[in-house]
Amino acid sequence: MPSNPPDPAPAPSRSAPPGAPVEIDGVPVGRTVAPASPQEAADLLAEAAGHGLAVAPVGGGTALALGNPPEQVDIALATARLGGIIDYEPTDLVLSVGAGAPLGDVQAVLAEHGQGLPIDPPGGLEATIGGLVATALAGPSRLGHGTLRDLLIGIAAAHPSGTVTKAGGMVVKNVTGFDLPRLYHGSLGTLGLIVSANFKVLPLPRADATLLAPAPSLEAALAAAARLRASRLQPVALEAAWFDGGWLTAVRLTGGRDDTLRPLLDEARSLLAADAEALAGPEAAAWWRAYLARQEPRAAEREVLVRCAVRPRQTGALASGLLAALPPRAAAPRRGAAAPARGGGGARAPGAA
């Protein structure tokens with residue numbers, strides 16, 4: 001008698017969230033599912049592995065254009081139902097949160113207690129916690145506060161074996177065993193699907209101000225940034241950027257009180273040697289949001305985004321090289337940035353027609 005054909009892969013019963021992606025980098029998504037618990041996510045991964053299906057984790061969808069296009073996407077695993085605050089101890093400055101929680105929601109909860117995660121990644125408040133850990137994306141505040149890797153104290157991940165593993169905990173000074181949580185930072189899903197993460201949080205600064213100094217060229221913007229970097233000032237962020245049709249140097253300073261921050265701003269103005277515009281409060285926050293929005297690794301038609309990391313002293317050569325590599329019809333980037341103090345830069349310019 002002829003053998004029966006193998007059963008087709010069963011369709012997972014988890015419902016897809018609204019706005020689920022229909023393609024990733026032009027590759028169609030077979031179906032989207034959203035497990036409601038870490039174990040359910042592990043079961044789904046085991047089920048997919050048993051049928052040889054390709055699974056792509058999806059959080060806020062702000063970094064789906066990162067890296068090479070996938071060969072196939074049989075299942076998009078959305079983490080939307082793995083969000084929420086799991087545990088939060090304001091007095092201990094520790095937080096446990098689901099991987100699908102948007103950064104904006106987490107920051108809003110922390111702000112009620114005068115605390116926050118001092119990060120400002122491309123993707124902004126829409127990016128999810130799990131996605132930020134997996135992609136290791138960081139913004140200008142990396143100069144003063146580091147990345148999520150420096151704040152990560154615990155993690156849980158689901159694996160194709162059908163298991164959920166945990167590492168670290170809810171204690172800042174945890175010296176037992178290997179530091180596995182940090183291993184997941186930048187792993188891009190290769191070590192498992194991040195389902196939750198624990199962090200130490202920091203108090204919000206009471207005084208926060210930004211200076212924007214126009215520059216006639218990239219070289220002038222980088223020179224101004226170099227003077228600031230060599231000074232006694234300790235800016236939270238220091239960027240040279242192409243913004244609204246011209247180069248500028250942006251510096252962000254924070255402090256405990258406005259009166260202690262004021263002399264630091266005066267010193268920064270003199271080092272910038274330009275007519276710097278001062279921003280504070282919501283106005284400064286809005287400028288940095290607009291600046292970061294131009295660096296999001298989202299797919300854009302007929303555009304190419306290049307992001308590179310180098311040693312800080314090589315930032316000028318990197319930025320000049322990127323500009324020189326732009327096609328003649330893109331003499332100036334649509335969006336460009338260099339981080340001379342933390343190393344790296346990027347540009348978004350027209351791609352092939």
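Here is the list for region 185-293: trypsin sites (Lys or Arg not before Pro) lying in DSSP coil, each with at most 14 other C-beta atoms within 10 angstrom of its C-beta, are ARG206, ARG232, ARG257.
Please find, in a Gaussian network model of the chain (springs between Cα atoms separated by less than 10 Å), the residue of PRO205, PRO216, PRO90 whose mean-square fluctuation is greatest. Result: PRO216 has the largest fluctuation of those listed.
Dividing the mean sequence gap of close Cα pairs (under 8 Å, 6+ apart) by how many residues the chain holds gives a relative contact order of 15 percent. For the options ALA226, ALA324, ALA240, a Gaussian network treatment of the chain with springs between C-alpha atoms closer than 10 Å singles out ALA324 as fluctuating the most.
Taking other Cβ atoms within 10 Å as a rough exposure proxy, ASP74, ASP92, ASP120 sort from fewest to most as ASP92, ASP74, ASP120. Taking the number of Cβ atoms within 10 Å of each Cβ as an exposure proxy, the fewest-first ranking of VAL172, VAL109 is VAL172, VAL109.
Between amide H atoms placed 1.01 Å from N, distances below 5 Å from ALA215 occur with TRP247, LEU248, THR249, all of them 5 or more places distant or on a separate chain. Just checking the listed ones, LEU151, LEU212, LEU261: in the Gaussian network model of the chain with Cα springs under 10 Å, the one fluctuating most is LEU261. Taking Cα atoms only, the orientation of helix 315-325 departs from the longest principal axis of the chain by about 70 degrees. Helix 38-50 versus the longest principal axis of the chain: what angle, 0 to 90°, nearest 10, using Cα atoms? Result, in degrees: 60. So I have [x] 27.8; [y] 21.8; [z] 25.2, and one of them is Kirkwood radius over Cα pairs in Å calculated from this model. Which one is it? This structure yields the entry labelled [y]. Where only DSSP H runs of four or more residues are counted, the chain gives -7500 deg cm²/dmol as its mean residue ellipticity at 222 nm, each run worth -39500 (n - 2.57).
Computed from the coordinates by the stated procedures, all read-outs in this text should not be read as laboratory data. Only a predicted model underlies this, so the values are computations on that prediction, with no experimental measurement involved. No Cβ is skipped: glycine too gets one built from the backbone with ideal geometry, and neighbour counts run over all protein chains shown.
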